[in-house]
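The values are calculated or read from the model by the stated rules, or taken from the named source; none is laboratory data. A quick note: this is a predicted structure, and the numbers were derived from the prediction, not measured. Here the Cβ positions follow ideal geometry from the backbone for every residue, glycine too, while neighbour counts run over all protein chains shown.
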């Protein structure tokens with residue numbers, strides 16, 4: 001007699017008062033977000049919002065490799081041409097970003113391992129954002145023909161100087177120290193301390209206990225932030241340019257300047273053009289407005305070919321040889337960038353912020 005292996009849930013939801021615990025459970029896929037995971041987190045947060053027995057929520061990822069590497073690009077690629085699916089998944093994701101940012105109870109996000117794209121959108125808006133020595137944070141969307149979405153043009157404005165623009169355009173990966181410096185994380189807790197932190201959080205008597213408990217388990221990051229060391233260079237490179245091409249052509253021949261150039265050379269020029277413009281337009285706007293613009297941009301990208309070509313090269317064929325259109329920053333058409341900010345259809349692009 002043979003048995004049938006149990007199917008593991010994509011999201012493990014556990015309510016053990018005073019804590020509600022959400023674990024993204026797709027370790028073989030680096031905990032990438034599916035529509036099922038997104039809607040599951042929505043449902044759990046809605047259920048716990050008015051539950052007096054749940055004082056706080058913890059979100060983490062299964063395994064030790066990733067908190068969440070972003071959206072499930074394979075499912076998006078498989079659904080190419082299905083406009084309704086593309087709209088539904090991005091709308092649900094951005095509504096979740098907004099819900100987490102405005103949740104009335106503390107949310108503790110444990111950003112162990114790879115935290116990128118959509119995973120950053122789950123973690124960055126939490127009230128308590130913890131990194132470990134294994135954290136690798138990035139917004140690499142320009143490398144797959146998209147743009148740093150999930151409101152990145154809003155929260156990266158809060159990074160020191162112009163380091164947020166640098167992270168958006170290059171997609172460069174940063175560690176725990178840099179994540180805290182860039183203001184996308186708050187606390188460094190060594191991975192070996194995590195079991196004790198979980199146990200202690202399970203004993204909280206009030207929401208005010210959370211910060212005190214995290215402080216007991218956190219420590220100094222093992223290395224200083226490299227972003228701080230390169231801040232003056234970043235500001236010099238990006239401060240005086242009024243265009244993406246100006247930034248690119250102004251990169252000096254020093255080591256850091258050439259590293260920035262190499263990162264930009266790998267990315268889609270169109271995506272970087274959209275990103276540069278979205279960062280400019282996001283200044284002074286609130287999160288809901290930025291996320292609604294991101295929804296427009298996401299659908300414009302789905303209507304074009306660049307995003308699917310980026311997924312093909314990075315995830316499907318894995319040849320890392322995307323055929324970008326255009327191939328050079330200097331060939332970018334400003335009108336093509338502006339058209340991405342125009343809703344491509346008559347769907348609702350004002351829904352985020354109406355929880």
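Looking across segment 28-49 at every residue that is surrounded by 16 or more Cβ atoms within 10 Å (Cβ to Cβ) and free of Cβ contacts under 8 Å to residues at least 40 places away in the same chain, the one that is farthest from the chain's Cα centre (by Cα) is identified as 44. A Cβ distance below 7 Å, combined with a sequence gap of six or more or placement on separate chains, defines the contacts here; from segment 237-259, residues that are touching a residue at least 24 places away in the same chain (Cβ under 8 Å) reach residues that are surrounded by fewer than 12 Cβ atoms within 10 Å (Cβ to Cβ) in the pairs 245/330.
Filter segment 277-323 down to the residues that are buried (at least 21 other Cβ atoms within 10 Å of the Cβ) and in a loop (DSSP other than H, G, I, E, B) and list them by number. The one that is buried (at least 21 other Cβ atoms within 10 Å of the Cβ) and in a loop (DSSP other than H, G, I, E, B): 322. Going by what's in this entry, would residue 121 be described as within 28 Å of residue 321 (Cα to Cα), modelled with pLDDT of 95 or more and out of contact with any strand residue (DSSP E or B) (no Cβ under 8 Å at 6 or more places or on another chain)? So residue 121 passes the test. With respect to the conditions (1) in a strand (DSSP E or B); (2) under 23 Å from residue 299 (Cβ atoms), residue 91 falls short on a single one, namely (1). Of the helices (runs of 4 or more DSSP H) lying entirely inside segment 128-193, those carrying at least 3 residues that are over 12 Å from the mean Cα position of the chain (by Cα), at pLDDT 95 or above and over 25 Å from residue 329 (Cβ atoms) are 176-181.
Which residue out of 237, 248 is farther than 19 Å from residue 141 by Cα and buried (at least 20 other Cβ atoms within 10 Å of the Cβ)? Lay out the reasoning, then the answer.
On the way: 248 fails: farther than 19 Å from residue 141 by Cα.
Within the list 237, 248, the selection yields 237.
For residue 52, indicate whether it is surrounded by fewer than 18 Cβ atoms within 10 Å (Cβ to Cβ), free of Cβ contacts under 8 Å to residues at least 24 places away in the same chain and in a loop (DSSP other than H, G, I, E, B).
Numbers: surrounded by fewer than 18 Cβ atoms within 10 Å (Cβ to Cβ): yes; free of Cβ contacts under 8 Å to residues at least 24 places away in the same chain: yes; in a loop (DSSP other than H, G, I, E, B): yes.
Against the criterion (surrounded by fewer than 18 Cβ atoms within 10 Å (Cβ to Cβ), free of Cβ contacts under 8 Å to residues at least 24 places away in the same chain and in a loop (DSSP other than H, G, I, E, B)), residue 52 qualifies.
Of all residues in segment 111-129 being touching a helix residue (DSSP H, G or I) at 6+ places or on another chain (Cβ under 7 Å) and more than 30 Å from residue 337 (Cα to Cα), which is surrounded by the most Cβ atoms within 10 Å (Cβ to Cβ)? My answer is 111. Condition (residue is surrounded by 12 or more Cβ atoms within 10 Å (Cβ to Cβ), under 22 Å from the mean Cα position of the chain (by Cα) and at pLDDT below 95) applied to segment 208-223: is it met by at least one residue? Scanning segment 208-223, I find at least one residue that is surrounded by 12 or more Cβ atoms within 10 Å (Cβ to Cβ), under 22 Å from the mean Cα position of the chain (by Cα) and at pLDDT below 95, so the answer is yes.
If you check residue 119 against the conditions, is it outside any strand (DSSP E or B), in contact (Cβ under 8 Å) with a residue 12 or more places away in the chain, within 14 Å of the chain's Cα centre (by Cα) and more than 21 Å from residue 213 (Cβ to Cβ)? Against the criterion (outside any strand (DSSP E or B), in contact (Cβ under 8 Å) with a residue 12 or more places away in the chain, within 14 Å of the chain's Cα centre (by Cα) and more than 21 Å from residue 213 (Cβ to Cβ)), residue 119 qualifies. Residues of segment 206-219 that are outside any helix (DSSP H, G or I) and free of Cβ contacts under 8 Å to residues at least 24 places away in the same chain: 208 alone.
If I ask for residues that are over 23 Å from residue 266 (Cβ atoms) and either within 19 Å of the chain's Cα centre (by Cα) or in a loop (DSSP other than H, G, I, E, B) (or both), which ones from segment 324-348 would you list? First the steps, then the outcome.
Applying the first criterion (over 23 Å from residue 266 (Cβ atoms)) to segment 324-348 yields 335, 338-339, 341-348.
Once the filter is applied, which keeps residues that are over 23 Å from residue 266 (Cβ atoms) and either within 19 Å of the chain's Cα centre (by Cα) or in a loop (DSSP other than H, G, I, E, B) (or both), segment 324-348 yields 341, 342, 343, 344, 345, 346, 347, 348.
The listed residues are 136, 105, 99, and the only one of them that is within 24 Å of residue 36 (Cβ to Cβ), in contact with a strand residue (DSSP E or B) (Cβ under 7 Å, 6 or more places away or on another chain) and surrounded by fewer than 23 Cβ atoms within 10 Å (Cβ to Cβ) turns out to be 105. Within segment 55-83, the residues that satisfy the criterion of being in a loop (DSSP other than H, G, I, E, B), over 18 Å from residue 96 (Cβ atoms) and touching a helix residue (DSSP H, G or I) at 6+ places or on another chain (Cβ under 8 Å) are 62, 63, 64, 65, 79, 80. Condition first: buried (at least 22 other Cβ atoms within 10 Å of the Cβ) and under 23 Å from residue 55 (Cα atoms). Can you find one or more residues in segment 149-165 that meet it? No, the conditions are met nowhere in segment 149-165.
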